[in-house]
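Presented below is the structure to which this report refers.
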Amino acid sequence: RRTIGCLMTKFYNEYSPTFDSRFDWNSPAVLRKRAEKHPDKIYLEVPWTNESYSYAETLNLAERVGSGMLSAGATSGDRMLIMIPNCSAYIFAWLGSSIAGLAEVPINTAYRGAFLAHQVKTTTPTLAVISPEFIERIIDVSDAFDSVKHYFLVGTDEEVEIGLSTLIKHGYSASSWQDLLASEKLNLPSVAHADLGSIFFTSGTTGLSKGVMMPHAHMYLFADETVSLTRLTEDDTYMSCGPLFHGNSQFLAAYPALIAGSRYVLQERFSASEWINQIRDSKATVTNFIGVMMDFVWQQEPKINDSDNDLRCVFAAPTASSILDDYKERFGIEAFVEVFGLTETCMPILTPYGVDRPAGAAGLLNKDWFDIRLVDPETDEEVDIGEVGELIVRANFPFTSCQGYFAMPDKTVEAFRNLWFHTGDGLRRDEDGWYYFVDRLKDALRRRGENISSYEVEQALVTHPFLEEVAAIGVPADQEAGEDEVMVFIVPTKGKEISAEEIWEYSEKQLPDFAIPRYIHILEQLPKTPSEKVRKIELREMGVGPETYDRGPQKRKRE
């Protein structure tokens, strides 16, 4: 145990926060300091559109975007919605909103219907940066967008022209992204480390998904932990290929590169077959995996030149430990690093660079910045070493973890009972201080890198007139990284009949692709407690059986 403690102390002594003063922990301050230090160095590259931007150019455009947002009617403290696919505009929308003192609200581009309406209604954004392809979805739930004063459209000239015409016809105020980029600079407000920087939604468990209020210092610590964890420097290139509306590409890749003064390469999307070519072509030295991405790449046919690349470090959460050593050898990777964290808490548990860890271990406590306990979820009393308990977390410094759930005070109080944040995740700790994730204590699901609220799946499907009740659970996916497939148990309305095919067709209209259930099981009634709560433990025990309908593992394309 003394050895482990020395490892962690050495790790943090060598890799202290990049910006020493916590009062400078906000993205506008970081961007300005980097642009001052090396203005001509490339920060952002977008290979599929052949775009590149220096630190000075990034600052200039972010200030123009922020100024244009304020000119469009936003004031410091307002929310700004982003619903666009990966592109340079996403980076400038994020940094521009921060410079203007606004809080970004990233929206999953797969969302529609109730999923979309809930997050917009909850955050009441003043402005929205959207792609024209999503306009019909907005019109379908127009009441949820009542707070939006102005839309900025990102797309081709033709797409934007058609989109503007549609929005204006429906009475909305809108302009093009290009007009925003050309905005005249204003005197911009000062931004503090304690100001709200982002509202990232995390999956609901026993209710609707919740908007995590992330102060600038919280976002910064997330990113700076990544800088330390991966040993990121000005000489590195960090490549990410996940969507920017997820934290793994924004505050675990784009932001760490900004802090370290690195070059950041943004890919359009993840492709297992193209991943190694993207690594090689971008000259990436650092990248990240989330969920099953690591396993999908491993399943590709090995090539003799797989190790011919500059990659030295992969940040993988979780790491597929059974193939770790072979992975390093095949692709010539020096180190894999791993963490256990949540959007609400940063990363209280991590594995130091180059340290061998026991199989399945997520990491060690980052004691400089966090205090954690494993407790009985019923009593909050700490469990013994080796026993499974709920992970609870408390930050050691102000504004370095979430400030609650936006417009959900009851959920905030519930999560922070006894002044500790309750993760709902079951972990155990061994005698040497290594922590191991065991299981989720919540009803959350994770499929193909997406967090899914079982409650939202249930609420979307139960609106079908032939469905009386719906219960969603996760069942193990056929993948190394321990993800889920969505399974629903349904009870038809009395006197009505409904087929699995009809439910899948309805799901395609109501749910994002990743949330559409693979498995459907039709029951006469759901098992319940005396207080009429669904006993999901019985449904999990039942699992996939001979009477279960299976849609198959492939993702069905929308027409």
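Structural remarks
- Helices (runs of 4 or more DSSP H) contained entirely in region 249-332, each with at least 2 residues that are open to solvent by 50 Å² or more (accessible area, probe 1.4 Å) and out of contact with any Cys (no Cβ under 6 Å at 6 or more places or on another chain): 275-282, 324-331
- Residues in region 178-214 that are out of contact with any strand residue (DSSP E or B) (no Cβ under 6 Å at 6 or more places or on another chain) and either of a type in the set (Ser, Thr, Tyr) or more than 27 Å from Val154 (Cα to Cα) (or both): Ser183, Ser190, Ala192, His193, Asp195, Thr206, Gly207, Leu208.
- One residue from Val462, Val491, Val470 being without any contact (Cβ under 8 Å) to a residue 12 or more places away in the chain and more than 28 Å from Gly389 (Cα to Cα): Val462
- Matching residues, region 487-535, being out of contact with any strand residue (DSSP E or B) (no Cβ under 6 Å at 6 or more places or on another chain) and open to solvent by less than 30 Å² (accessible area, probe 1.4 Å): Trp504, Ser507, Leu511, Pro512, Ile516, Pro527
- Count of region 120-139 residues which are open to solvent by 10 Å² or more (accessible area, probe 1.4 Å), in contact (Cβ under 8 Å) with a residue 24 or more places away in the chain and touching a helix residue (DSSP H, G or I) at 6+ places or on another chain (Cβ under 7 Å): 2
- Some residue of region 513-528 being modelled with pLDDT of 95 or more and assigned to a helix (DSSP H, G or I): no
- Residues that are free of Cβ contacts under 8 Å to residues at least 60 places away in the same chain and touching a strand residue (DSSP E or B) at 6+ places or on another chain (Cβ under 7 Å) were ranked within region 21-50; the one that is surrounded by the most Cβ atoms within 10 Å (Cβ to Cβ) is Pro39.
- Inspection of region 337-359 finds a residue satisfying the criterion of being within 18 Å of the chain's Cα centre (by Cα) and small (Gly, Ala, Ser).
- Looking across region 229-240, the residues that are of a type outside the set (D, E, K, R) and surrounded by fewer than 24 Cβ atoms within 10 Å (Cβ to Cβ) come down to Thr233, Thr237.
- Considering each residue of region 386-393 in turn, none proves to be surrounded by fewer than 19 Cβ atoms within 10 Å (Cβ to Cβ) and assigned to a strand (DSSP E or B).
- Here Glu456 passes the criteria (1) surrounded by fewer than 18 Cβ atoms within 10 Å (Cβ to Cβ); (2) in contact with a helix residue (DSSP H, G or I) (Cβ under 7 Å, 6 or more places away or on another chain); (3) not in a loop (DSSP other than H, G, I, E, B) except the one numbered (1).
- Every residue from region 55-67 that is open to solvent by less than 10 Å² (accessible area, probe 1.4 Å) and more than 20 Å from Thr156 (Cα to Cα): Tyr55, Thr58, Ala62, Gly66, Ser67
- The set of residues from region 333-350 being farther than 12 Å from Glu225 by Cβ and either outside any strand (DSSP E or B) or without any contact (Cβ under 8 Å) to a residue 12 or more places away in the chain (or both) comprises Ile333, Glu334, Glu338, Thr343, Glu344.
- Being touching a helix residue (DSSP H, G or I) at 6+ places or on another chain (Cβ under 9 Å) and over 22 Å from Tyr436 (Cα atoms) holds for only one residue in Asn366, Asn305, Asn288, and it is Asn305.
- Residues that are within 17 Å of Arg79 (Cα to Cα) and surrounded by fewer than 18 Cβ atoms within 10 Å (Cβ to Cβ), drawn from region 193-217: Ala194
- Within the option set Gly449, Gly474, Gly545, being over 31 Å from the mean Cα position of the chain (by Cα) and either under 30 Å from Ser321 (Cα atoms) or among the charged types (D, E, K, R) (or both) holds for one residue only, Gly545.
- Pick from region 2-32, criterion basic (Lys, Arg) and modelled with pLDDT of 50 or more, ranking: nearest to Phe92 (Cα to Cα): Arg32
- Checked against the criterion of being within 24 Å of His218 (Cα to Cα), buried (at least 19 other Cβ atoms within 10 Å of the Cβ), aliphatic (A, V, I, L, M) and in contact with a helix residue (DSSP H, G or I) (Cβ under 6 Å, 6 or more places away or on another chain), the candidates Ala93, Ala100, Ala74, Ala117 yield just one match: Ala100.
- Residue match in region 342-351 (condition: under 22 Å from Arg447 (Cα atoms), surrounded by 15 or more Cβ atoms within 10 Å (Cβ to Cβ), in contact with a Cys (Cβ under 7 Å, 6 or more places away or on another chain) and among the charged types (D, E, K, R)): yes
- All positions within region 381-409 that are within 27 Å of Gly433 (Cα to Cα) and of a type in the set (A, V, I, L, M, F, W, C): Val383, Ile385, Val388, Leu391, Ile392, Val393, Ala395, Phe397, Phe399, Cys402
- Residue match in region 74-81 (condition: in contact with a Leu (Cβ under 9 Å, 6 or more places away or on another chain), of a type outside the set (Gly, Ala, Ser) and part of a helix (DSSP H, G or I)): no
- Among the residues of region 360-384, just one is within 28 Å of Thr226 (Cα to Cα), open to solvent by 70 Å² or more (accessible area, probe 1.4 Å) and touching a strand residue (DSSP E or B) at 6+ places or on another chain (Cβ under 6 Å), namely Arg373.
- Matching strands (runs of 3 or more DSSP E) fully within region 85-203 where at least 2 residues are in contact with a Ser or Thr (Cβ under 9 Å, 6 or more places away or on another chain): 103-106, 127-130, 150-153, 196-202
- With respect to the conditions (1) crowded, with 18+ Cβ neighbours inside 10 Å; (2) in a loop (DSSP other than H, G, I, E, B); (3) of a type in the set (A, V, I, L, M), Leu427 lacks only one, and its number is (2).
The values are calculated or read from the model by the stated rules, or taken from the named source; none is laboratory data. In this text, all values refer to a predicted model and were calculated from it rather than measured experimentally. A quick note on method: Cβ atoms are made from the backbone with ideal geometry, for glycine too, and the neighbour counts reach across all protein chains shown. These accessible areas exclude ligands, DNA and RNA; they are computed on the full protein's heavy atoms, side chains included. Shrake-Rupley method; radii C 1.70, N 1.55, O 1.52, S 1.80 Å.
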